[in-house]
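Here is the structure we will look at.
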Amino acid sequence: MIPAIYRIDRRLIEHPGAFTLHLSATGALPLQPFEPGQFNMLYAFGAGEVAISLSGRQRETEGQIAHTIYTRGAVTAALGRLREGDQLGVRGPFGQGWPLGEAEGKELLVIAGGLGLAPLRPVIYHLLGQARASLIPRFQLFYGARRPGEMLYVPELQAWSRQMDVTLSVDHADSAWSDHVGVITKPLSAAEFDAENCVAFLCGPELMMRFSIQVLLERGVSPESIYISMERNMKCGTGLCGHCQWGPNFVCKDGPVFRYADVRHWLGIRSL
Amino acid sequence: MAKFVLQAEDLDLLIQAIRADGYQVLGPVIRDQAIAYGAVEKADDLPRGWTDEQEKGHYRLRRRNDDAYFGYAASPQSWKQYLQLPRRQVWQARKSDLGIQVREVVDEAPAVAFLGVRSCELHAIAIQDRVFVDAHYRNDSYVNRRAEIFTVAVNCTSAAATCFCTSMHTGPSVTLPSDLAMTEVITDGEHYFLVGSDSYRGRQILKQLPVRPATAENLQMADKAIQAAVQQMEDGPRHFDSSDLKELLYRNLDSPAWDEVAERCLSCANCTMACPTCFCSTVEDSTDLEGAEAERWERWDSCFTGEFSHLSGGAVRPDTRSRYRQWMTHKLASWYDQFGSSGCVGCGRCITWCPVGIDLTEQVSRIRELEEP
């Protein structure tokens, strides 16, 4: 499967090392519309491909997508050197997204850590957009980052806080910080929500997800109502290369979003 | 299926008939002191009168005391090398003022006949079919190559010490369809092949050969020869009950057996390269010196390498223990969840080609032995 070529329309720096690319298709055939939680394989010319979740609006003009990338390796560094007007390759969208239908008529808890907010932003756009907010009686975001300067989408977080409950926490605060300090599990365990009628979407470091799940279970949330987005090495995105195996699951095609009840056994095994 | 007798001295006519039909014949040849697969142009290219002696980390060619053409067991490399290519170019890209253009590199599938496919290998190909063909996204190169294959299966009449197909229910008798299926019979001065066909194109080849219908005695002799291989394996130390392997391994992900095997395993990936079903691959991207032309290649990869599970925070499987566990658990347990069958066909290649002689069947019994009651 060869990549479609996209052009960078807009490049936004989120914080040092993290940036969001707004892309539009150059060819006649853009990729299929995506579901929130799915990912694309982004190709930096000659450097290689990397799996990056879709972080933009679901229904922008046809052929427009957004990706939020953190520079960690050779390919993300090559993507980071691209500027507005430059081109890159895109294959996708791949994988299973967030089960938005499950959340209808229930409270939704969105719990994100660091870059983990990226695949959840389309969920927030989806639910805050149009009249969908009325489908969800209560919508809360819990977002933790290491430092105030390492939060994604800061201007939007402020805008969202007028339409939904937004709880922010950082591990290391600075003098201007007035929200929570410490891990996100603290405000989560004190939060008000109807444990029997809620759905939780989690994305972040595995450790953060494990501890957040523990809090949710203690609060009485059913394992069937908790969904997590997993990260593993992905080379093909199509279930053929074998790299992303996690127990019996291929994270690229069976995930990245899994229902906790289906995978809790595997989540507890180290170095799987 | 009607069975016919083809005299051993007429085997070359079979090879020539297949070649005349437009196929390149690949089969067993002696190369690098092993019976490997390669181009076969005539019956004389076959390893007539040779066999292989196989044990843990051990492979030697030996003279047989007869002139059998197919009197050997699993070759070092499987047919996988011709279906899932070890290395192939996937695309070519160019960057210019006009932007990036990507051109898919389409793999031309040759018409190839596999001569001497064992039952375990037919099962291995069927297992890879479920991975690459019966999938939402297909591996087109594999699909095209696979569609062109003409198979001449050969029933096993002797087993290597490392063979355990009877335990995995994949042989030694050919049970999956092939274009032609043969059993080699050598007895009392007679040397012939009992041949049958499952396909139209197989029957078309058979029609051109000087064959005669098999007698009841011919059938009996062929059965007896296959039974000898069954007996060899059932009497051997590698015969075991495989019916509960998935449950056994899933129950024992923390077994001390993984620590023990990690002490010996070199994480060299030989077992995954020799395995006829291991399908993992990776990609390599590169550019020319000017940075205007780029290529992407796909090549075989192994879950034993550190890069394989690499994430930004380091390898998910950082040590040999977790990598060996992944390989064996995938092969014998999670494969059932993913593809509806075991990923192991009992060919024994991973045992023979392990440089330190780790034996999958011994690992199974060790896990069982260490399981707390």
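The values are calculated or read from the model by the stated rules, or taken from the named source; none is laboratory data. Source: prediction; values computed, not measured. Glycine gets a Cβ as well: all are built from the backbone with ideal geometry, and neighbour counts include every protein chain shown. Ligands, DNA and RNA are stripped out before the accessible areas are found, and what is left, the full protein with its side chains, is counted by its heavy atoms. Shrake-Rupley method; radii C 1.70, N 1.55, O 1.52, S 1.80 Å.
Accessible area, 1.4 Å probe, largest first: how do A:W160, B:W50 sort? Walk me through the numbers on the way to the answer.
Numbers: A:W160 15, B:W50 65 Å².
My answer, sorted largest first, is B:W50, A:W160.
Which of the listed residues, B:L266, B:T320, B:G357, is farthest toward the dipole's positive end in region B:245-370, when Lys, Arg count +1 and Asp, Glu count -1 at the beta-carbon?
B:G357
From the protein chains alone at 1.4 Å, what is the descending order of accessible area for B:M168, B:M221, largest first? Walk me through the intermediate numbers first.
Details: B:M168 20, B:M221 40 Å².
The ranking, largest first, comes out as B:M221, B:M168.
Of all accessible surface on chain A at a 1.4 Å probe, what whole percent is carbon and sulfur? Don't skip to the answer; put the middle values down first.
Working: 5330 of 11150 Å².
In chain A, the share of accessible area belonging to carbon and sulfur is 48 percent.
Ignoring everything except DSSP H segments at least 4 long, calculate the 222 nm mean residue ellipticity for chain A; use -39,500 (n - 2.57) per segment, divide by total residues, nearest 500.
The helix contribution divided over chain A gives -5500 deg cm²/dmol.
Can you compute the charge dipole magnitude of region B:288-363 about its Cα centre, using +1 on each Lys and Arg Cβ and -1 on each Asp and Glu Cβ, nothing else charged? Give it in debye, rounded to the nearest 20.
The calculated dipole for region B:288-363 is roughly 520 debye.
Rounded to the nearest 20 debye, what is the charge dipole size of chain A about its Cα centre when +1 sits on each Lys and Arg Cβ and -1 on each Asp and Glu Cβ?
On the way: 25 positive and 26 negative charges, 125 e Å.
Dipole size: approximately 600 debye.
Which percent of the accessible area of chain B is formed by carbon and sulfur heavy atoms (probe 1.4 angstrom)? Let's see the in-between values first.
Working: 7710 of 16070 Å².
Carbon plus sulfur share of accessible area: 48 percent.
Can you give the average number of partner chain beta-carbon atoms within 10 Å of each beta-carbon in peptide A:252-259, as a whole number?
Working: counts 1, 3, 2, 0, 0, 0, 0, 0.
Per residue, the number of nearby Cβ atoms from other chains is 1 on average.
Report which residues of region B:304-327 become buried by 30 Å² or more of accessible surface when going from the isolated chain to the complete set of protein chains (1.4 Å probe; DNA, RNA and ligands ignored).
In region B:304-327, residues shielded by partner chains: B:F308, B:L311, B:S312, B:V316, B:R317, B:R325, B:Q326.
Can you give me the accessible area per residue for region B:142-272, using a 1.4 Å probe, in Å²? Provide the component values of the computation, followed by the final result.
On the way: 5980 Å² over 131 residues.
I get 46 Å² per residue for region B:142-272.
Could you state the accessible area per residue of region A:100-229 in Å², with a 1.4 Å probe and every protein chain left in place? Don't skip to the end; give the middle numbers.
On the way: 5650 Å² over 130 residues.
Solvent-accessible surface per residue comes out at 43 Å².
List the residues whose amide H sits under 5 Å from the amide H of B:A68, counting only those 5 or more places along or on another chain, with H placed 1.01 Å from N in the peptide plane.
Counting only residues 5 or more places away or on other chains, the set is B:G49.
Let me confirm the definition first: pairs of Lys residues in the protein assembly as shown, 8 or more apart or on different chains, C-alpha distance under 17 Å. How many are there?
Values: A:K235/A:K253; B:K3/B:K207; B:K3/B:K224; B:K80/B:K331; B:K246/B:K331.
Summing the qualifying lysine pairs gives 5.
Summing both sides, how much accessible area is buried between B and A? Use a 1.4 Å probe and give Å² to the nearest 100.
Details: alone 17700 and 12900 Å², together 27210 Å².
Buried area (both sides, nearest 100 Å²): 3400 Å².
Give me the dipole magnitude in Debye, nearest 20, for the protein assembly as shown about the Cα centre, with unit charges on the beta carbon: positive for Lys and Arg, negative for Asp and Glu. Don't jump to the answer; show the numbers that get you there.
On the way: 65 positive and 80 negative charges, 177 e Å.
Roughly 840 debye for the protein assembly as shown.
Using θ = phi - 60° and the Karplus relation 6.51 cos²θ - 1.76 cosθ + 1.60, list the HN-Hα couplings for region A:211-225 in order, rounded to whole Hz, with x at every Gly or Pro.
5, 5, 4, 4, 5, 4, 5, 4, 6, x, 6, 6, x, 6, 9
Using alpha-carbon pairs under 8 Å, 6+ residues apart, how would you state the relative contact order of chain B in percent?
22
For n ≥ 4 DSSP H runs only, could you compute -39500 (n - 2.57) per run for chain B, divide by its residues and tell me the 222 nm figure to the nearest 500? Could the numbers behind the result be given before it?
Working: 14 runs with 119 residues, N = 373.
Helix contribution divided over all residues of chain B: -9000 deg cm²/dmol.
So, how do all the Cα-to-Cα distances of region B:322-373 break down into 10 Å bins, in percent, from 0 on up?
Going from the shortest bin to the longest, the percentages are 22, 52, 24, 1.
How large is ³J(HN,Hα), in whole Hz, for each residue of region B:190-203 in order, when computed from phi with the Karplus curve 6.51 cos²θ - 1.76 cosθ + 1.60 and θ = phi - 60°, using x for Gly and Pro?
9, 9, 8, 10, 8, 10, x, 9, 9, 9, 4, 5, x, 5
Report ³J(HN,Hα) in whole Hz for each residue of region B:58-65, in order, from the Karplus equation J = 6.51 cos²θ - 1.76 cosθ + 1.60 where θ = phi - 60°; Gly and Pro get x.
Whole-Hz 3J(HN,Hα) from phi for region B:58-65: 9, 8, 9, 7, 9, 6, 8, 9.
At 1.4 Å probe size, with no ligands or nucleic acids counted, give the accessible surface of A:M1 in Å², nearest ten.
100
Can you list residues from other chains, or at least 5 along the same chain, whose modelled amide H is less than 5 Å from the amide H of A:Q96?
A:G255, A:V257
Any idea of B:K207's accessible area? Nearest 10 Å², probe 1.4 Å.
Counting only protein heavy atoms, B:K207 exposes about 150 Å² to solvent.
Give me, ordered by chain and number, the residues 5 or more places off B:H310 or on other chains with an amide H under 5 Å from its own placed amide H.
B:V316
Cut-off 10 angstrom, C-alpha nodes, Gaussian network model of chain A. Which of A:V50, A:V90, A:V215 fluctuates the most?
Among A:V50, A:V90, A:V215, the largest mean-square fluctuation in the Gaussian network model of chain A belongs to A:V215.
Can you sort B:E41, B:E104 by 1.4 Å-probe accessible area, starting with the largest?
Numbers: B:E41 105, B:E104 80 Å².
Most to least solvent-accessible, the answer reads B:E41, B:E104.
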